[in-house]
Amino acid sequence: MKKITLPGVSFPVSQAAMGCAYLGSREPEDVAFELLDIYYEAGGRFLNTAHEYGHGLSERTIGKWMRTRGVRNEMAVTSKIGEDHSAPAALAMHGDELRVDIDETLERLGYDCIEFCLLHLDDESVPVEEILDALDEFQRAGKIIYYGCSNWSTARMDAAAVYAKSRGYHGFVMNEIEMNLTRRNIVNAESRIKWLDGDYIAWHERTGMAVGAYSPLAAGALPKLCVGTELSAYQNKAYNTPYNREVARRLMKLSQECGHTQVELQIAYLLSQPYEFPVFPILGGRTQEQLRESLRGLSCPFTREMFEYLHPKEGEY
Ligand SMILES: NC(=O)c1ccc[n+]([C@@H]2O[C@H](COP(=O)([O-])OP(=O)(O)OC[C@H]3O[C@@H](n4cnc5c(N)ncnc54)[C@H](OP(=O)(O)O)[C@@H]3O)[C@@H](O)[C@H]2O)c1
């Protein structure tokens, strides 16, 4: 697997990260280890987890896998903090809460430091000053190497950048956000979740900051729209729209013409952005075959014509 350079980061990372949200919970440890082995054998060295995933089971599982395989020094680990699922919809973005989270994250992983620490969500009632002071403190203490955000508004990312500059802090090095070929149903979508629309593209073009593309297959909804299997209630609400159904139809047509599967094409799309900022997909396969199919997408050719075709224009859907 190729490596890519993220602006502001001193070491290269794999062009696709491994999403570990369900490892140790929905996927029991033996299944999780098999998936991690497949990603590793494909050359992947970039893991993505969160303090909240499986209430710590994801972090514990990948920590154990790295120890068992003796590969910690090869891996770049991202974890996300600041979300508290012990209370419904609770965030934990105050400095003291972030301090508890980062220490728990490191304890669960079993290592003293992670490469990337992101803020999982945002609580706009907490000043960016308080949040960045805490992240800078973790960095100076050697607990994290870099930090970034996920699901933040562009206005708050701007405010964070202004404060970081004023204090001489390194600032955010990436934004983890939903990005795939679909357009979310904005009316029904949960407000805390953000997705890469035109405003974010303009923001990233301006700043050059890297995008970690989560839910690269629209949380499994787009493969289902392609083959016509039933969507879950959540997928139905967020993704079952005329635009997304047209994207699915075009993906299937393209797949027949070029011989690559619709899933391979969806991953290849994320690697073939025409924008002036790096994008890396965070792969989310549940089974070995699903993960292998996504990994095959990393070497699937993808042209500018395909990019245009997979973005239906007004009046075409
Ligand atoms: N920062 C955030 O707020 C945030 C939010 C979400 C995710 N993430 C990160 O992103 C990672 C990936 O997200 P995701 O799980 O939503 O990714 P995704 O790839 O969009 O969705 C995964 C689902 O897609 C389906 N799938 C995968 N490969 C397939 C294949 N080859 N054929 C058919 N269906 C396939 C499976 O659904 P079925 O189970 O129905 O088969 C699988 O559970 C997570 O693990 C996490 O690390 C971050």
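Observations on the model:
- A simple rule links phi to the HN-Hα coupling: the Karplus curve 6.51 cos²θ - 1.76 cosθ + 1.60 with θ = phi - 60°, which for segment 78-83 gives 10, 10, 10, 10, x, 10 Hz, with x for Gly and Pro.
- A simple charge model with +1 on the Cβ of Lys and Arg, -1 on the Cβ of Asp and Glu and nothing else charged puts the dipole of the chain at about 880 debye relative to its Cα centre.
- Along its principal axes, the chain has C-alpha extents of 54, 42, 38 angstrom, given from the largest down.
- Scanning residues 5 or more positions from ALA210 or on other chains, those with amide H under 5 Å from its amide H are ASN175, with H placed 1.01 Å from N in the peptide plane.
- Fewest-first sequence of CYS258, CYS226, CYS117 by Cβ atoms within 10 Å of each Cβ: CYS258, CYS226, CYS117
- Listed by chain and number, the lysines whose alpha-carbon sits under 20 Å from that of LYS224, ignoring those within fewer than 8 places in the same chain, are LYS237, LYS253.
- Within a Gaussian network of the chain (alpha carbon springs, distance under 10 Å), most fluctuating of THR68, THR207, THR78: THR68
- In the chain the longest region clear of trypsin sites (Lys or Arg not before Pro) that are loop-assigned by DSSP and have at most 15 other C-beta atoms within 10 Å covers 27-191.
- Phi-based couplings in Hz for segment 230-247 (Karplus 6.51, -1.76, 1.60; Gly and Pro marked x): 5, 8, 6, 4, 5, 4, 4, 5, 8, 10, 7, 10, x, 4, 5, 5, 5, 4
- Cα shape, segment 137-183, gyration tensor, a/c 1.5 rule: oblate
- Only one residue of ILE102, GLY63, ALA134 has its Cα farthest out toward the positive end of the dipole of the chain, where Lys and Arg carry +1 and Asp and Glu -1 on Cβ, and that residue is GLY63.
- Point-to-point label distance, GLU230-LYS165, nm (Cα→Cβ direction, 7 Å offset): 5.3 nm
- In this structure the amide hydrogen of LEU118, modeled in the peptide plane, comes within under 5 Å of the amide hydrogens of SER79, LYS80, ILE81, GLY148, none closer than 5 places in sequence on its chain.
- Normalised by the number of residues in segment 222-299, the average gap of Cα pairs under 8 Å and 6 or more apart makes the relative contact order 26 percent.
- For segment 10-22, 3J(HN,Hα) computed residue by residue from phi via the Karplus equation (6.51, -1.76, 1.60; θ = phi - 60°) reads 7, 10, x, 10, 4, 5, 9, 8, 9, x, 10, 3, 9 Hz, glycine and proline entered as x.
- In terms of its alpha-carbon gyration tensor, segment 39-99 comes out prolate; a/c meets the 1.5 threshold, and the first ratio a/b outweighs b/c.
- Gyration tensor (Cα) of segment 208-253, equivalent ellipsoid semi-axes in angstrom: 21, 14, 9
- Look at the alpha carbon pairs under 8 Å that are at least 6 residues apart: their mean separation over the length of segment 1-131 gives a relative contact order of 22 percent.
- In the chain, the calculated helix contribution to ellipticity at 222 nm averages -13000 deg cm²/dmol per residue, counting -39,500 (n - 2.57) for every DSSP H run with n ≥ 4.
- Cα-based shape type of segment 1-131, given that a ≥ b ≥ c are square roots of the gyration tensor eigenvalues and the cut on a/c is 1.5: oblate
- Taking every alpha-carbon pair under 8 Å whose residues sit at least 6 apart, the chain reaches a relative contact order of 16 percent.
- Reported value for segment 19-66: 57 Å³ per residue, from the convex hull of its C-alpha atoms.
Each value in this text was obtained by applying a stated rule to the coordinates, not by laboratory testing. Quick caveat, the model's predicted, so the values are computed rather than measured. We place every Cβ from the backbone using ideal geometry, glycine too, and count neighbours over all the protein chains shown.
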